[in-house]
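Below is one structure; the comments refer to it alone.
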Amino acid sequence: MKVLINTDRNVHTDAGRERRIEDDLANALARFADHLTRVEVYLSDESAGRSTIDDIHCRLEARPAGQDPVSVSHQAMTETEALVGATDKLETLLTHKFDRLTDKDRRATIRGR
């Protein structure tokens, strides 16, 4: 699973911060690593540096192998909070997505009986 990090001109990051983001995502999504080709991170400061509530926006786009990409987003006061919120949402979405696929393969539906 490859992690790509994109920021707007109002969000400043360095190599160390990007490595921590990659590591955090890899740990959070480890059980899906075999199913994902890449995860893209988009961080932006919608207030362009002005101090407002929930002005940091994080969007995560995951690309499951052989399937359409899925995307989640979260807004918060800090980059870390936005990233954690979006990661939690992505983990929940992927859990439901892959559980549904597994469930469909394992048992008959009510209509199929």
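The values are calculated or read from the model by the stated rules, or taken from the named source; none is laboratory data. Because the structure is predicted, anything quoted here is derived from the model rather than measured. Cβ placement follows ideal geometry from the backbone for every residue including glycine, while neighbour counts extend to all protein chains displayed. For the accessible areas, the whole protein counts, side chains as well, though only heavy atoms, and no ligand, DNA or RNA atoms are used. Shrake-Rupley method; radii C 1.70, N 1.55, O 1.52, S 1.80 Å.
So here's what we get for this one:
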item	result
Whichever residue in segment 39-57 is at pLDDT 95 or above and of a type outside the set (A, V, I, L, M) and, among such residues, is farthest from Thr7 (Cα to Cα)	Glu40
Condition check for Asp88: at pLDDT below 95 and open to solvent by 60 Å² or more (accessible area, probe 1.4 Å)	no
Of all residues making up segment 61-89, the number that are at positive phi and in a helix (DSSP H, G or I)	0
Subset of segment 57-83 [free of Cβ contacts under 8 Å to residues at least 24 places away in the same chain and under 9 Å from the mean Cα position of the chain (by Cα)]	Glu61, Ser71, Val72, Ser73
